[in-house]
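Here is the structure we will look at.
Just so it is clear, none of the values below were taken in a lab; they were calculated from the coordinates. These numbers were taken from a predicted model, which means no experiment stands behind them. Using ideal geometry, Cβ is built from the backbone for each residue, glycine included, and neighbour counts are taken over all protein chains shown.
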Amino acid sequence: MAKVKALPRNSDVADQLELLADLLELEGEASFRVLAYRRAATRIRETAGSVAELALAGRAKELNGIGNAAFFAGNVGEVLRELQDRAGDPDVVVGPDGTVYAAYMTSNGSQWYPVVAVSSDHGQTFPRVTVLNPPDPKNWGDRDFLAVGPDNTVYLTYDYGPNRTSVTFVCASSGSCGFSTGDVNVVMQKSSDHGQTWSGMYYVSPGFPNSGSDSGPIFVEPSGRIDVLLQEYPLSNVPTDNMGPGVEEFTSSPDGGATWSKPVVVGPNNGTMSVDEWWIDGALAVDSAGNLYASWDTQQGFRFGLGTPDTGWLSFSTNGGNHWSKPVQVTDNAPVPHIMEVTPGPTGTVYVSWLTQVTDSVTGSPGYAEFLRPFSITAGWLTKPIQVSGTNYGDPNTWPGDTTGLSTYNSLNQVVLSWGSAVNSHKSAIYSSVVTFS
C-alpha cells in the first residue's frame, strides 16, 4: 500500500547527506567536500527541531555548525530543497481515459524508490502524488517505466535491489553512472484505481534477488498481455554480484504479472553491452498488428571507455516475441553513446530515434544531435536519417541526459521527439520537434 510523501525527518536528511558524501567519494570529489557533507549530517542528527521545516520557512541559517563548504550555494535551505526535490529517470504515459501518469525515481534517507503523480486535467495539475515505499531499509532503486492497459490499470517497472551496498558505481567524466556489481532486478507494481493504491512487487526478471536485470521498458497490449524488454547482465559470481556483458531479452505475462515467459534473447550473437554504459538503454514498441520492435546499442569490449565503438540496433518480431529478426544496424560505430528510442507507426512500420555525437559540418567540432528514421518490416528503411535537431549542436562535454522521448502525435504519420542538449550553454536544456511524414 502506498502513501503520500511527508516532509523528511532529520534522520532522513542526514542519511541523504551521508549518501551524497558516499557518491561524491565514489566520483573522486575533493576530500574536504566529502567530509563537509558528513559533518553536516552529524550536526543535523543532533538538531532537536525539524530541519526541513526550518528550510521551507527560510530559517535554515539558524542552524549552527554547518559551514559553507558543505553546500555548493552556501545555504542549507537550498540543499534541503534540492534533496527533497531530488528526482531522476522521468517517464510519462496517458491512459485510455485520458489520465496522465508521471513517474520518477527519488530517495529519502537510505531508501530509493519511485514516485507516481496523477493528473485528470491533461497534465495541468498533478494533485495526487504517491510514493511506492520499498520493503527493505537500505535498498537500490533506479530506471522506472510506465504503461497503461486497456482497462486503465497502470503498470510500473523499475530496477530494484534489497541491498544497495552491493552496488558498485562506474561513473563517466562527461556522463552519469552505470554499475559493475549489484543485486539488481526488474520488478513491477500495478494500480487499478488510478494510482491511489499499488500492489506489491511482481518479480519480472527470473532469479530475484540476483537476476542481473537493471532496466525493463514495458508495454500492455490490447489483449492485456504485458510485454517487457529486459537489459540483462548475467552474474558471474552471485555472492559478489559481479555483472558480465549484457544482452537484451524479451518476456511477457498473460496474467497481469503473476507468471512470466522464459526470456528470449533479442539479437543473439550481435554484440553485448558494457557495465559502464550509463544511459538508459533499450526501448520497446508494439504496432496495431501486434508486431514487436526493440532498439538498443552495444559496445565492443566489456568496458566501454573512450575509443570503444558503440552501435545502435533494431530488431522486430512478428510472432509475439517468440522469435526476433536479425538485428538491423541503425547507427554508425562511432565511439560515443547512441541513446535509442522506438515508437510504432502505421502497421508494419516503426520510427527509430537516437541522440549521439556528430561533427558540426560548419565548425568541424563534435556536438550532440538528434536523429529520426522510419523503418518497414517489408521494405526496410523508408528514408535517410533525418537530423531533427538541425544545426543546433550540444556541447559534447555536457551530458544531455540519460534518455530521450519519442511518440506519435496527431496521427501515426506524425511523431514528436524530445531530447536534452547544451546548445550555446554549459547546461543541458530540453528541445522538442514535430516531424510529419506524407
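Data overview
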| quantity | calculated |
| --- | --- |
| Listed residues L412, L284, L156, most fluctuating in the chain (Gaussian network, C-alpha, under 10 Å) | L412 |
| For region 159-175 versus region 343-419, the gap between their alpha-carbon centres in whole angstrom | 29 |
| Mean separation of Cα contacts under 8 Å (6+ apart) over length of the chain, as relative contact order % | 8 |
| Distance (nanometres) between label positions extended 7 Å along Cα→Cβ at T42 and K262 | 5.6 |
| Under 27 Å between alpha carbons - lysine pairs in the chain that sit 8 or more apart or on different chains | 9 |
| Whole-number percent relative contact order across region 260-365, with pairs defined as alpha carbons under 8 Å at least 6 apart | 26 |
| Gaussian network model of the chain, Cα within-10 Å springs - most flexible of Y393, Y368, Y293 | Y393 |
| The chain, helix-only ellipticity at 222 nm - DSSP H runs n ≥ 4, -39,500 (n - 2.57), divided by all residues, nearest 500 | -3500 deg cm²/dmol |
| Binned Cα-Cα distances of the chain, short to long, each 20 Å bin given as a whole percent | 25, 58, 17, 0 |
| Residues S433, S438 arranged by fewest to most Cβ contacts within 10 Å | S438, S433 |
| Region 90-280 - percent relative contact order, Cα under 8 Å, separation 6 or more | 16 |
| Sorted by Cβ neighbour density within 10 Å, fewest at the top, the residues F371, F437 | F437, F371 |
| Fluctuation leader among A283, A379, A40 - the chain, Gaussian network, Cα springs under 10 angstrom | A379 |
| In region 150-240, the chymotrypsin sites (Phe, Trp or Tyr not before Pro) that fall in loop regions by DSSP, at most 10 other Cβ within 10 Å | none |
| Selection from T404, G321, A429 lying farthest towards where the dipole of the chain points positive, charges on Cβ | A429 |
| Dipole magnitude of the chain, debye to nearest 20 (Cβ charges: Lys/Arg +1, Asp/Glu -1, about Cα centre) | 520 |
| Which of S192, S174, P209, positive extreme of dipole for region 90-280 (C-beta unit charges) | P209 |
| Calculated from backbone phi, Karplus (6.51, -1.76, 1.60) coupling profile of region 375-388 in Hz, x at Gly/Pro | 10, 10, 4, 8, 10, x, 5, 9, 9, 6, x, 9, 7, 5 |
